[in-house]
Amino acid sequence: MLHTDLLPRDTAVQLIDETGAPVTDEQYVLPDPDTLLAAYRGLVEGRRINDQAGALVRQGRLAVYPSSHGQEACQVGAAMVLEAADWLFPTYRDSVAVIARGVEPADAMVLLKGDWHSGYDVRAHRVAPQATPLATQLLHAVGFAQAAKHRGEDTVVLALCGDGATSEGDFHEAMNFAAVFHVPVVFFVQNNEFAISVPLCRQTAAPSLAHKAIGYGMPGQRVDGNDVAAVLTVLGEAVSRARAGGGPSLIEAHTYRMQAHTNADDDTRYREREEVQSWIARDPLQRLRTYLTSTGALDADAEERFAAGAEEIATAMRAALNTDADLDPEDLFRFVTATRSPQLDEQWHLLRDEIDRSHLADAGTTPNGGQR
């Protein structure tokens, strides 16, 4: 038995092409104008968030920012296909999706600022903490989906990852567990062509990452990750399938990381400028703008409203991150365990003594109270 129903298409699903023209598809239908207009607003806000975060890094207000510039269609689509009871398990590059899910922009930046904790209430927003290690969140997502199934909850879990995560053992374990136990989880791989400096061709010999799904007994599909209409439709179908008891799916979005891996990365060392430039014409924001304008769904007034709303988000981010936090160093030790161990207590006293000596030095006094 070939199980061809589990195989993805040879080419990625596309509903709006690079020129902004609609594409007829026998299986998938273009979302309605209101949905696409809401998605366009999300793209405008997402692009502004990426730009503002990049500026805050240069100003020293963010420690690091992995930009999703060029991947906003995946980010917005991931947030829009979920219902209130569903959960999102993001990666470090998914800040736009986290914010689109309802997390305050400034709160979504707390971890990237270098604080010791995630800046938002994961239960209130149903968004797991952003994960820096590759693929670890996939195991958490599958376990959460299994628990929701046991409790009889109407919950679908959307687990985000990049192409680099598919090279990790955790990816295999999560996929296999999800398929064997038939849990309501959708794996959404944003294939942006590079795992830091490693191109996809050095990670897998598979025809596509979506083809990996059949090896676990789940359906896979490929989608143009720069076409938000296609992302909404294909990803939405997978979420609906999981909700109806159909089990897990793997969706691969073909997109591109337009900027460096992070502000600490020099991407000119491993990819040519011509390659990056070739993806500008596939920009998700411009593509949808062209389509909506041609249909009359988007006018100058709406553009102005969306731009103003995005600027309000950027202003709030600046204001929040330009305020110095009142930090308590003991918090580093206070919340590690319910009861602080002797080892942690010893470490805290060592740090406290060092801080006290530093304060005395700044005041120009010696530990015994005398002047230097």
Asp283 fails exactly one of (1) among the acidic types (Asp, Glu); (2) closer than 30 Å to Val110 by Cβ; (3) at pLDDT below 95; (4) within 25 Å of the chain's Cα centre (by Cα), namely (3)
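Rundown of residues vs (1) assigned to a strand (DSSP E or B); (2) buried (at least 16 other Cβ atoms within 10 Å of the Cβ); (3) not aromatic (Phe, Trp, Tyr), yes/no style:
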{"residue": "Val234", "(1), (2), (3)": "no, yes, yes"}
{"residue": "Ala238", "(1), (2), (3)": "no, yes, yes"}
{"residue": "Arg241", "(1), (2), (3)": "no, yes, yes"}
{"residue": "Gly246", "(1), (2), (3)": "no, no, yes"}
{"residue": "Glu274", "(1), (2), (3)": "no, no, yes"}
{"residue": "Tyr291", "(1), (2), (3)": "no, yes, no"}
{"residue": "Arg305", "(1), (2), (3)": "no, no, yes"}
{"residue": "Ala310", "(1), (2), (3)": "no, yes, yes"}
Conditions (1) part of a loop (DSSP other than H, G, I, E, B); (2) touching a residue at least 24 places away in the same chain (Cβ under 8 Å) -> Val336 fails only (2)
Picking from Gln71, Gln75, the residue that is free of Cβ contacts under 8 Å to residues at least 40 places away in the same chain and in contact with a Ser or Thr (Cβ under 9 Å, 6 or more places away or on another chain) would be Gln75
Note on segment 123-166: residues assigned to a helix (DSSP H, G or I) and within 19 Å of Gln71 (Cβ to Cβ) are Gln137, Leu138, Asp163, Gly164, Ala165, Thr166
Taking first residues from segment 296-323 that are within 16 Å of Glu45 (Cβ to Cβ) and second residues anywhere that are among the charged types (D, E, K, R), the pairs with Cβ under 6 Å that are 6 or more apart or on different chains are Phe306/Arg41; Ala310/Glu45; Ala310/Arg48; Ile313/Glu45; Ala314/Arg48
query: In segment 173-187, is there at least one residue being among the acidic types (Asp, Glu) and buried (at least 16 other Cβ atoms within 10 Å of the Cβ)?
result: no
Listed by range, helices (runs of 4 or more DSSP H) wholly within segment 59-122 having at least 3 residues that are within 17 Å of Cys161 (Cβ to Cβ) and of a type outside the set (Phe, Trp, Tyr) are 72-80, 95-100
- What about Ala230, is it in contact (Cβ under 8 Å) with a residue 60 or more places away in the chain, assigned to a helix (DSSP H, G or I) and under 30 Å from Val185 (Cβ atoms)? yes
Within segment 123-141, residues closer than 23 Å to Gly164 by Cα, free of Cβ contacts under 8 Å to residues at least 40 places away in the same chain and of a type outside the set (A, V, I, L, M, F, W, C) come out as Pro129, Pro133, Thr136
request  = Answer with yes or no whether Ala314 is surrounded by 14 or more Cβ atoms within 10 Å (Cβ to Cβ), modelled with pLDDT of 95 or more and outside any loop (DSSP other than H, G, I, E, B).
outcome  = yes
Scanning segment 98-107 for residues that are touching a helix residue (DSSP H, G or I) at 6+ places or on another chain (Cβ under 6 Å) and modelled with pLDDT under 95 gives Pro105, Ala106
With criteria (1) more than 27 Å from Glu168 (Cα to Cα); (2) surrounded by 19 or more Cβ atoms within 10 Å (Cβ to Cβ), Arg123 comes up short on (2)
Residue count, segment 21-40, condition polar (S, T, N, Q) and surrounded by 14 or more Cβ atoms within 10 Å (Cβ to Cβ), comes to 1
Selection over segment 355-365 where residues are at pLDDT 90 or above and either loosely packed, with under 11 Cβ neighbours inside 10 Å or closer than 21 Å to Gly114 by Cα (or both) yields a count of 1
Right, Val44: within 27 Å of Ser208 (Cβ to Cβ), β-branched (Val, Ile, Thr) and touching a residue at least 40 places away in the same chain (Cβ under 8 Å) or not?
no
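The values are calculated or read from the model by the stated rules, or taken from the named source; none is laboratory data. What you see is a predicted model, and the numbers here were worked out from it, not measured in a lab. Cβ sites come from the backbone with ideal geometry, for glycine too, and all protein chains shown count toward neighbours.
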